[in-house]
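Below is one structure, written out as structure tokens, with a few remarks after it.
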Amino acid sequence: MSTAPAAIEPRHSNFSPHEKPSWDLYSRCVHCGLCLDQCPTYRALGTEMDSPRGRIYQIVQVDAGRLALGDSFVTHIDRCLGCLNCQSACPSGVAYGSLLERARAQIAENYKRPWLATRLRQHFYADILPSFHRLATHARFIRFYQRSGLQSLARATGLLKLLGVAELDALSPRIDSKFSFADLGRVFPAEGERRGRVAFLIGCVASVAFAELNRATIRVLTKNGIEVHVPAKQSCCGALQMHAGLLDLARMQARRNIDAMLSPEFDAIVTNAAGCGSTLKEYAALLEDDANYSGRAREFIAKARDINEYLAEVGIREPRRKVNARVTYQDSCHLAHAQGIRTAPRQLLRQIGAQVVESSRSDSCCGSAGIYNVVQNEISMKVLDEKMAYIASVEPEIIATANVGCMLQFRAGVERSKMKARVAHVVELLDEAY
Ligand code: SF4
Ligand code: SF4
């Protein structure tokens, strides 16, 4: 099977010209297959078309006009986690993430999904995520369902199982009492001598479901002498829209965050979510054709930092107490594969006294992948079960990670595998140590 045709006639392509997966991206694939064993969907399904090489092959075929941009193509591209495990493994330097983004942009533009799916996508990506106000309104409804007894009733009566949504219900995050939106516009002073000043991205879903993690992040930064600003006009980073191929919506979010957070007064722009961090660092590529923003986007990404990366860079102060526990750190794909950050979280954990135990495939995807565990629940659970078996083999007391989506997925994994381990973000463990 050749994935690198000598030439493709543009007039035959089943892609439209805008945001097209291009020959210079896919022709690097020499179909060696070294990425196959690294691909969680290939390991779960065992089919070439659900492997990185197979997906690249299908992209080439659509571009050559030999495969329709239809149901089959969309199915296999939809099944991709976007975890970039394959990109790290590829010896030829195939930029799989860029290829996938463009393939998904083509699907968003040229493929007609069922009416309900289209409406739900539009509502979620275009109406809810870009507006903190609308997000908070929806979150309050979910909180009412969770706390009024309705959720317990639906679980106890088996209604959720009957409707086939019990797995999804188990994955849904618990909505917090106090959202992070209350902190917009606030400044948190550094404790002791000031060593830095940062802008903090609170995130969209994290602000309603992981607000305590956001508060812990602010506490850890201020304890370490960092002044934290929460710019009022910031917005969701655009990651979920970007991964869905809705690049113009992601660009809109990127411009809003650049306007709100890029300032000479900040040494860094910090996030505690690996998925958001990798998207912030893609703003320059996303806006490269925008004459008004391309230069500022480059300045922005030069300051964008994951919290682990930032704390390792500035160095943390001695904690008040140690975390005396066996901790396995499970790399978040968007930290390890998209940002190349593997050492910093492990280093921080050791600095607070954790006994870090390494499992096999610690950098393989857990199956969370944004909303993948909701829309591709069956495959996601297969990927998760494999991951939990590797984790169980090192008998951890704590499973640490660096992304809120991974935390939810691991909590579901602990429940499914009846493991006695707690799931925590690295920052939560730092917060406890201080
Ligand atoms: S490892 Fe790289 S070159 Fe080899 S098949 Fe996978 S994507 Fe292609
Ligand atoms: S991004 Fe992940 S799921 Fe998709 S092809 Fe690569 S390794 Fe497989």
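Bear in mind these aren't lab numbers, they're just calculated from the coordinates by the rules spelled out. Computed from a predicted structure; not experimentally measured. Cβ: placed from backbone, ideal geometry, glycine included. Neighbour counts: every protein chain shown.
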Rg and Dmax [Cα atoms of the stretch 304-434; Å; Rg one decimal, Dmax integer]: 14.2, 44
Stick to the Cα atoms of the stretch 83-142, pair each with every other, and give me the Kirkwood hydrodynamic radius in Å at one decimal. 14.3 Å
Stretched fully, the stretch from His18 through Glu395 gains (0.36 nm per residue minus C-alpha distance, one decimal, in nm) 130.8 nm
Per DSSP H run of n ≥ 4, the term is -39500 (n - 2.57); total these for the chain, divide by its residue number, and report the mean residue ellipticity at 222 nm rounded to 500 deg cm²/dmol. -13500 deg cm²/dmol
Relative contact order of the stretch 337-434 (C-alpha contacts under 8 Å, at least 6 apart) in percent is 29 percent
Gyration tensor (Cα) of the stretch 169-245, equivalent ellipsoid semi-axes in angstrom: 25, 15, 11
Enter the Cα centre distance for the pair the stretch 394-434 and the stretch 17-66, rounded to the nearest angstrom. 33 Å
With an 8 Å Cα cut-off and a minimum separation of 6 or more residues, compute the relative contact order for the chain in percent. 14 percent
Kindly give the semi-axes, whole Å and largest first, of the ellipsoid equivalent to the chain, taking each as the square root of 5 times a Cα gyration tensor eigenvalue. 33, 26, 23
In whole Å, what is the distance between the alpha-carbon centres of the stretch 97-116 and the stretch 177-194? 38 Å
GNM flexibility winner over the chain from Ala302, Ala117, Ala105 (Cα, springs under 10 Å): Ala117
Candidates Pro189, Pro345, Pro21: whichever shows maximal mean-square fluctuation once the chain is modelled as a Gaussian network with Cα springs under 10 Å: Pro189
Dmax and Rg, reported as Rg then Dmax, of the stretch 297-343 (C-alpha, Å): 13.8, 42
Using the membrane-span-like helix rule (whole DSSP H runs, Cα extent along the own axis of at least 15 Å, mean Kyte-Doolittle hydropathy at least 0.0), which helices of the chain qualify? 377-392, 404-417
Taking 41 Å as R0, compute the FRET efficiency from the Cβ-Cβ separation of Asn110 and Arg350 and round it to 0.05. 0.25
One finds the C-alpha centres of the stretch 118-144 and the stretch 344-389 to be spaced, in Å, by 27 Å
Stretchable slack from Lys178 to Ser98, in nm (0.36 nm times residue separation minus alpha-carbon distance): 25.1 nm
At 20 °C and 1.002 mPa s, the Stokes-Einstein diffusion coefficient in µm²/s for the stretch 267-321, with hydrodynamic radius from the Kirkwood sum on alpha carbon pairs, is 175 µm²/s
Lysines near Lys223 by alpha-carbon distance under 25 Å, same-chain residues fewer than 8 away left out - which ones? Lys178, Lys303, Lys322
Of the residues Arg321, Arg255, Arg411, which exhibits the maximal mean-square fluctuation in a Gaussian network model of the chain defined by a 10 Å Cα contact cut-off? Arg321
Cross-link partners among lysines for Lys387, C-alpha distance below 26 Å, same-chain residues fewer than 8 apart left out? Lys161, Lys418, Lys420
Yeah, the stretch 343-419 with a ≥ b ≥ c from its alpha-carbon gyration tensor (a/c under 1.5 is rounded, else prolate when a/b outruns b/c, oblate otherwise) is prolate
